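Encoded as structure tokens, the structure appears first; notes follow it.
The values are calculated or read from the model by the stated rules, or taken from the named source; none is laboratory data. Everything quoted here is computed from the prediction, not taken from an experiment. Here Cβ is always computed from backbone atoms with ideal geometry, including for glycine, and neighbour counts include all displayed protein chains.
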């Protein structure tokens with residue numbers, strides 16, 4: 001009927017208005033029920049028409065709640081209802097699969113996850129499932145792919161370290177994760193910077209992964225926490241290997257002997273130079289030649305302090321140390337002391353002896369005790385002197 005005719009007849013005009021009002025009320029009712037359904041995800045005690053054809057969110061929340069309460073039977077009931085109401089939702093199918101796992105029905109769970117996969121299983125539940133299945137089947141590359149997908153969404157994913165521990169327990173898994181690191185994913189830094197809760201096997205595995213990935217995917221500073229953790233847990237070879245892989249001018253007993261890396265001012269690990277930072281200490285790194293730098297230090301305090309230090313994995317033995325002191329007088333040189341041990345006491349420090357043939361080269365012979373596996377080189381300076389140090393070298397004379 002033409003709209004002009006409808007508006008010309010009073011009864012029809014009323015019918016059109018009534019239909020409009022009823023339609024609006026119906027839409028509002030549907031919206032209200034949908035709202036209650038969505039709110040039921042957060043609070044399953046809220047009233048909602050859980051059996052209406054679009055009640056999905058409330059069932060989703062109820063299934064999750066049942067899993068958390070360790071009630072697999074109810075979890076499966078809510079999961080199956082959810083899938084029945086929304087069978088084309090991959091997230092619903094994945095959660096249903098999880099309820100079946102909780103109910104010890106692995107075959108049915110696999111069917112649910114396979115069906116979810118046909119719909120695009122990009123949700124976290126499905127990725128976790130296929131990660132575990134891939135590991136169970138011995139497919140490390142596929143497991144790494146699923147873990148990569150999870151960590152790209154959330155680098156701080158709950159359970160991340162447990163999943164990494166599971167895949168890094170195998171040589172193939174370490175190789176697969178190293179391959180993933182080569183494309184520099186957003187979660188890469190967390191692998192070498194967040195060490196809380198890791199045991200010695202975890203640290204050893206991560207050290208291997210970093211070496212497999214190669215030197216271009218991390219900076220020395222980014223991996224400083226990993227290197228420190230390796231040193232503190234006694235994995236000295238691993239610590240040295242990671243340092244050689246990632247850090248410039250490493251490989252000698254003392255890293256960065258010419259202070260070139262120190263000149264950049266980047267944060268470092270205990271295997272690199274660390275400097276005392278306080279108001280009465282002035283420390284600078286100045287270019288000496290086009291390839292070397294000089295560490296300059298002066299102190300206005302009233303007593304001797306430790307100005308710079310570096311931990312090594314040199315181990316016990318007898319060492320010969322030499323250094324140059326350009327621009328420093330004999331009195332300045334006498335105000336500079338070195339120690340090389342595990343104690344950290346100033347009483348173990350010694351001044352250098354001027355070496356034959358040069359007015360600026362000094363040296364000292366130091367014995368590291370048999371109990372000291374990670375001796376630290378420390379520079380001590382006395383007040384009110386200008387100390388310049390360059391060309392540091394350490395050689396083992398005998399073990």
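When the residues of the stretch 210-226 are narrowed to those that are in a helix (DSSP H, G or I) and under 13 Å from the mean Cα position of the chain (by Cα), which ends up surrounded by the most Cβ atoms within 10 Å (Cβ to Cβ)?
226
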Practice problem: Kindly establish whether residue 272 is within 23 Å of residue 356 (Cβ to Cβ), in contact (Cβ under 8 Å) with a residue 24 or more places away in the chain, out of contact with any helix residue (DSSP H, G or I) (no Cβ under 7 Å at 6 or more places or on another chain) and not in a strand (DSSP E or B). | Solution: no
Check your understanding: under 25 Å from residue 167 (Cα atoms) and surrounded by fewer than 17 Cβ atoms within 10 Å (Cβ to Cβ) - does that describe any residue in the stretch 249-256?
Key -> no
Sole miss for residue 244 among (1) surrounded by fewer than 17 Cβ atoms within 10 Å (Cβ to Cβ); (2) part of a loop (DSSP other than H, G, I, E, B) is condition (2)
Restricting the stretch 125-142 to residues that are closer than 12 Å to residue 95 by Cβ and in contact with a helix residue (DSSP H, G or I) (Cβ under 6 Å, 6 or more places away or on another chain), the one surrounded by the fewest Cβ atoms within 10 Å (Cβ to Cβ) turns out to be 125
| query | Going by the conditions given, is residue 165 surrounded by fewer than 20 Cβ atoms within 10 Å (Cβ to Cβ), in contact with a helix residue (DSSP H, G or I) (Cβ under 8 Å, 6 or more places away or on another chain) and closer than 26 Å to residue 70 by Cα? | reply | yes
Scanning the stretch 284-307 for residues that are touching a helix residue (DSSP H, G or I) at 6+ places or on another chain (Cβ under 9 Å) and under 16 Å from residue 258 (Cβ atoms) gives 285, 286, 287, 293, 295
Practice item. Could you check, for the stretch 124-144, whether at least one of its residues is over 27 Å from the mean Cα position of the chain (by Cα), at positive phi and in a loop (DSSP other than H, G, I, E, B)? Key: no
Just to be sure, is residue 352 free of Cβ contacts under 8 Å to residues at least 40 places away in the same chain, over 36 Å from the mean Cα position of the chain (by Cα), surrounded by 18 or more Cβ atoms within 10 Å (Cβ to Cβ) and in the same structural domain as residue 304 (by TED's automatic domain parsing)?
yes
